[in-house]
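A.B. asks: Can you keep this structure in mind? I'll have questions shortly.
Every read-out reported here was derived from the displayed coordinates using simple, explicitly stated rules and does not represent laboratory data. Please read these numbers as outputs of a predicted model, since none were measured by experiment. For neighbour counting, all protein chains shown are included, and Cβ atoms are generated from backbone atoms with ideal geometry for every residue, glycine included.
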Amino acid sequence: MREIKLTVRGQGVIKGFAEGLALVSGQNLSLWGGLNPKTGLIIDRRHELYGQQVRGKVLVFPYGKGSTTGAIVFLEAVKCGNAPAAIVNIETEPILASGALMAQIFYRKTIPIVDRLDRNPVEVIRTNDYVRVDGDKGLVEIRRACDTS
């Protein structure tokens, strides 16, 4: 088996470094009513990731949506140990960024966020790719195993 490695460049929204398996959606995501912070599961029945676990994953989706309460849901997920390791968006909404900033302040937990990549992350990254997110440099490194047989 061989490995494909791709690096895309973007803008670091929240600094820091994290890595893990990707969980990718082409749908926008609201944390308020979309994520159970006590379990880390996507609970929006209309979302394609319904029932999926975000804990420790690199969560990739186009845009956040929803109310300001989404930042509190994000913060509660961090408190409960159920937050994603990192987030990659086409464009990050301020509500999501503020939740990640509060996580740094209140829990000293860094969850890097990168957006505005030179390639659409929803098209380039696949669920279960191994992804490294560098919020300091705005880099996202994707590793994918490819069967050559």
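A.B. asks: Against the longest principal axis of the chain, how steep is helix 94-107, in degrees 0 to 90 to the nearest 10, with axes from Cα atoms?
C.D. replies: The two axes meet at around 80 degrees.
A.B. asks: Please give the per residue volume of the convex hull enclosing the alpha carbon atoms of the range 78-137, rounded to a whole number of Å³.
C.D. replies: In the range 78-137, the Cα hull volume divided by residue count equals 95 Å³.
A.B. asks: Considering only DSSP beta bridges where both residues belong to the chain, give the percentage that are antiparallel (nearest 5).
C.D. replies: Looking only at bridges with both residues in the chain, the antiparallel portion is about 70 percent.
A.B. asks: How far is helix 69-79 tilted off the main Cα axis of the chain, in degrees rounded to 10, range 0 to 90?
C.D. replies: 70
A.B. asks: Once you've got the Cα coordinates, tell me which of Lys5/Lys79; Lys15/Lys79; Lys79/Lys137 are over 25 Å apart.
C.D. replies: Working: Lys5/Lys79 33 Å; Lys15/Lys79 19 Å; Lys79/Lys137 27 Å.
Exceeds cut-off: Lys5/Lys79; Lys79/Lys137.
A.B. asks: Only Cα pairs under 8 Å and at least 6 apart count here; give the relative contact order of the range 2-146 as a rounded whole percent. Walk me through the numbers on the way to the answer.
C.D. replies: On the way: 393 pairs, mean separation 56.5, N = 145.
Averaging sequence separation for qualifying contacts and normalising by length gives 39 percent for the range 2-146.
A.B. asks: List the aspartates and glutamates whose Cα lies under 17 Å from the Cα of Lys57, skipping any in the same chain that are fewer than 8 positions away.
C.D. replies: Output for Lys57: Glu19, Glu48, Glu76, Asp115, Asp129, Asp134, Glu141.
A.B. asks: Say the dipole of the chain comes from +1 at the beta carbon of Lys and Arg and -1 at that of Asp and Glu; which of Cys80, Met102, Phe61 then lies farthest toward its positive end?
C.D. replies: Cys80
A.B. asks: Between Arg45 and Arg108, what is the label-to-label distance in nm when each label sits 7 Å out along the Cα-to-Cβ direction?
C.D. replies: In this crude spin-label approximation the distance works out to 4.3 nm.
A.B. asks: In terms of modelled amide H atoms, which long-range or inter-chain residues lie less than 5 Å from the amide H of Gly16?
C.D. replies: Gly135, Asp136
A.B. asks: Just from its helices, what would the mean residue ellipticity at 222 nm be for the chain, if runs of 4 or more DSSP H residues each count -39500 (n - 2.57) and the sum is divided by every residue, rounded to the nearest 500 deg cm²/dmol? It would help to have the intermediate numbers written out before the result.
C.D. replies: Details: 3 runs with 29 residues, N = 149.
Rounded to the nearest 500, the figure is -5500 deg cm²/dmol.
A.B. asks: Here's another thing I want to ask about it. Taking the number of other C-beta atoms within 10 Å as the exposure measure, put Phe106, Phe74 in order starting with the fewest.
C.D. replies: Phe106, Phe74
A.B. asks: Between Arg143 and Gln53, what FRET efficiency follows from the Cβ-Cβ distance if R0 is 25 Å, with the result rounded to 0.05?
C.D. replies: Calculated transfer efficiency: 0.75.
A.B. asks: Cα-Cα pairs above 15 Å in the range 1-67: how many percent?
C.D. replies: Distances greater than 15 Å cover 60 percent of the Cα pairs.
A.B. asks: Once the cut-off is 25 Å, how many percent of the Cα-Cα pairs in the chain end up in the long-distance tail? It would help to have the intermediate numbers written out before the result.
C.D. replies: Working: 2224 of 11026 pairs.
That tail contains 20 percent of the Cα-Cα pairs.
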